[in-house]
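The values are calculated or read from the model by the stated rules, or taken from the named source; none is laboratory data. Since we're looking at a predicted model, the values are computed, not measured. Neighbour counts run over all protein chains shown; Cβ positions are idealised from the backbone, glycine included.
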Amino acid sequence: MRSAGAAAPRRTLLAAAVALPLAIQAVGAWISWTATWEEAAAEVARTADAAAEYARASLESHRLRGQQIALLLRDLPDEAILAGRAALHARAREVLELDRYGIDFSVYVIDRAGRILLTSDMADPPPVNLADRPYHIAMRPAGAPDTRIGEVARGRANNRDFFPVTLKRDGTANGLPPDAFDGVINISVSPATLAAGLRRLRGTSDDVLSLVRQDGTLLARTLELPDPPPWPRHTTDSTLAAMAGAPPRIEALETSALDGVRRLIIYRAVEGWPAYAAAARDQAVIIARWLRRVAVLLGIGMPATLALGLLAWRVRRADLAAVAARESLEQRVAARTAELAHRSEQLADSEARLRVALEAADLGTWEVDLRTRIAQRSPRTLAIFGAPAEEVVGPYPGWADRIHAEDRPAVTHAFERLAEGTTEVYAAEYRFHHPDGRVVWVESRARVVAHDRTGRPLRLAGTVQDITARREAEERRALLAREVDHRAKNALAVVQAALRLTPRSTLDAYAAAVEGRVAALARAHTLLADQRWAGASLRALLAGELAAFTLRDDGEAAVTMQGPALRVAPSAAQSLSLAFHELTTNAVKYGALARAQGRLAITWSVRPATGDLVLHWQEQGGPPVGGAPSRRGFGSRLVAATIRDQLGGILVQHWQPEGLTVEIQVALARVSVLEPAAEADPLPVA
């Protein structure tokens, strides 16, 4: 019958064998969560940038239409406009090209008393007075802005939802003072049409896109909205407070007041307008993506965890036939290790396939007249390609020459096919030599937006975005997957080697030896994990092995350590921990720590001339030493193999009468780097 003392180490072995891979899986899950959240934030931010650019272009086009109508009515008094309303209505539709393109918006010219003078959608509008409309009231006072975005309302004349882009009237012949209020030109923008444009920017994602005023008023949303308007405020109090400062970007995790769904939201300021474009992704969608990745990690890690637990259980329950059972378990561990490596490779392939490029998540816009090859670009487009500000309109000198030589043929061929009418859609990802010397990745997409009567393309409208960060993020994720795979295989290989190489004289001795060596590995792993695998303190590695032998019975220090602060590299920490464990075990059994009056002094230093780390292990006060042993035990061979073979160092042992002295010399570059602080005074183990 086995004693309770012998069962306790086996239970410890079982816990260590299970906890180590579980800890590795937990770290992997946490890293996967961080990467998944950062990836989602980057994708949503790119969509918000695209929505902001789209909203800016749309609002600017409406302001331009209002200015066109103002120019049409310039120097006409109100009564003349009413008298010629039919002809002016037809002329306004011609100027705005409504009959040609069928664009869904309305332009209203309203006098200072709220009377409708002219509309773009009705030749004879009803006699509705709009003086009480908020946009009319807001534009009356002196000092009111020349352009204003109003809240969504339902039109009295046409019974359609709209939000107004309102301009002050000027240049009339009504005889009013220059600064006097003389009515407004109101462009009624359809929220549904704007929302349809935002939906096209989402590509295949289910992200929610919105346009809100700077005061939180909702103007358009890709999801269904309550009927009728006005709609509830879109933002939370904290986001609204942030918008008051007009920052270019706001990131928030909010619960929607419209549908109660919690989402990650990126707000992007619309350049030149008191409004924000918002892109939102359901938190549940992000969590589901992370859970899929964690499921893959668990599918790889759990079999290894179960295998190690089964191995520990076998050791605890083994009998005289343990040798045969251990050989079988070693084969199973080797098979599990190979399976883990194979599944890790599959995980890396799966991660590469899961990367999604957002369609039309644009940072800049451009248009090209195919007859003249004259382009019009937004400021962001100029910034991406490093073009000067004066190139907003005109050809882009040297643009094709700056495309990476490997990408240039495919890009130019795709563009020419679009210009010739072979296809209606253009999409390309390519590298571009920026004037500042950088090589940036860009994604460009375009579509034909105008044809002549024969169907030949006349004008292209497109978008461009800098996707360098996405490309770099993909490379970092691949590197991280390889690093997790490497560390998991290393840990399993070390445990397997410790089990295979430990002598099997008796079952109890085997279990105790395995327990000590696995515990030493676990302590080294814990120190490395606490430091995020940036290394472990040499003093901490020693203290972990010698903490139980700090003081003698007379209160004096039994163990002292002295030396500069050193951080041991992860590749050497476990090897040194095993060596210190074997030296400590020998001192407890046969050396200084076997007697109450024994002392152990450990010192280390760095030789500047050679750049070597030199560690002295000196025992005194133990049983008399009669010289070198006639036979080297496994512990001595393990220490020698660790220092000489694994670390490429020198090991010298002196069996002097007063006690064993060990000198270890290893190249500092193989094991450590010096920390900024050094410890000069000898300190006992704490």
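Each residue in the stretch 262-302 was checked for being under 12 Å from residue 207 (Cα atoms) and of a type in the set (Asp, Glu), and 1 of them qualify. Looking at 169, 200, 156, 160, just one residue is over 24 Å from residue 275 (Cβ atoms) and out of contact with any Pro (no Cβ under 6 Å at 6 or more places or on another chain), and that residue is 156.
Rundown of residues vs (1) more than 18 Å from residue 431 (Cβ to Cβ); (2) modelled with pLDDT under 80, yes/no style:
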{"residue": "368", "(1), (2)": "yes, no"}
{"residue": "373", "(1), (2)": "yes, yes"}
{"residue": "378", "(1), (2)": "yes, no"}
{"residue": "383", "(1), (2)": "no, no"}
{"residue": "392", "(1), (2)": "yes, yes"}
{"residue": "396", "(1), (2)": "no, yes"}
{"residue": "399", "(1), (2)": "no, yes"}
{"residue": "406", "(1), (2)": "no, no"}
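Inclusion of residue 249 among residues that are among the charged types (D, E, K, R), crowded, with 17+ Cβ neighbours inside 10 Å and under 30 Å from residue 146 (Cα atoms) is not warranted.
Okay, residues lined up against (1) buried (at least 19 other Cβ atoms within 10 Å of the Cβ); (2) outside the structural domain of residue 627 (by TED's automatic domain parsing); (3) in contact (Cβ under 8 Å) with a residue 24 or more places away in the chain; (4) assigned to a loop (DSSP other than H, G, I, E, B):
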| site | (1), (2), (3), (4) |
| --- | --- |
| 572 | yes, no, yes, no |
| 580 | yes, no, yes, no |
| 584 | yes, no, yes, no |
| 589 | no, no, no, no |
| 600 | yes, no, yes, no |
| 603 | no, no, yes, no |
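Would you be able to say whether some residue in the stretch 73-89 is surrounded by fewer than 17 Cβ atoms within 10 Å (Cβ to Cβ), within 48 Å of the chain's Cα centre (by Cα) and of a type outside the set (D, E, K, R)? There is no residue in the stretch 73-89 that is surrounded by fewer than 17 Cβ atoms within 10 Å (Cβ to Cβ), within 48 Å of the chain's Cα centre (by Cα) and of a type outside the set (D, E, K, R). Of all the residues in the stretch 184-207, those that are basic (Lys, Arg) and surrounded by 15 or more Cβ atoms within 10 Å (Cβ to Cβ) number 1. Going residue by residue through the stretch 468-491, is there one that turns out to be in a strand (DSSP E or B), modelled with pLDDT of 60 or more and not hydroxyl-bearing (Ser, Thr, Tyr)? Checking the stretch 468-491: not a single residue is in a strand (DSSP E or B), modelled with pLDDT of 60 or more and not hydroxyl-bearing (Ser, Thr, Tyr). Looking at the stretch 157-174, which of its residues are in contact (Cβ under 8 Å) with a residue 60 or more places away in the chain and either outside the structural domain of residue 123 (by TED's automatic domain parsing) or at positive phi (or both)? Correct list: 171 only. For the stretch 92-134, the set of residues classified as hydroxyl-bearing (Ser, Thr, Tyr) and modelled with pLDDT under 90 consists of 101, 106, 120, listed by residue number. Of the residues examined, residue 555 is one that is at pLDDT below 90 and assigned to a loop (DSSP other than H, G, I, E, B). If you go through the stretch 114-137 and keep only what is free of Cβ contacts under 8 Å to residues at least 24 places away in the same chain and under 24 Å from residue 272 (Cα atoms), you end up with 134, 137. When the stretch 607-663 is filtered for residues that are closer than 13 Å to residue 582 by Cβ, in a strand (DSSP E or B) and free of Cβ contacts under 8 Å to residues at least 60 places away in the same chain, the ones remaining, listed by number, are 617, 651, 653. The criterion of at least 1 residues that are over 28 Å from residue 160 (Cα atoms) and in contact with a helix residue (DSSP H, G or I) (Cβ under 9 Å, 6 or more places away or on another chain) is met by the following strands (runs of 3 or more DSSP E) wholly inside the stretch 205-271: 249-255, 262-269. Inclusion of residue 405 among residues that are of a type in the set (A, V, I, L, M), under 27 Å from residue 470 (Cα atoms) and in contact (Cβ under 8 Å) with a residue 12 or more places away in the chain is not warranted.
Within the stretch 323-342, the set of residues being surrounded by 15 or more Cβ atoms within 10 Å (Cβ to Cβ), at pLDDT 70 or above and under 16 Å from residue 302 (Cβ atoms) comprises 333, 336, 337. Taken over the stretch 217-228, the criterion of being surrounded by fewer than 18 Cβ atoms within 10 Å (Cβ to Cβ) and either within 30 Å of residue 74 (Cα to Cα) or in contact with a Lys or Arg (Cβ under 9 Å, 6 or more places away or on another chain) (or both) is satisfied by 228 alone.
For the stretch 98-119, a tally of residues being among the hydroxyl-bearing types (Ser, Thr, Tyr) and either surrounded by fewer than 21 Cβ atoms within 10 Å (Cβ to Cβ) or in the same structural domain as residue 453 (by TED's automatic domain parsing) (or both) returns 1.
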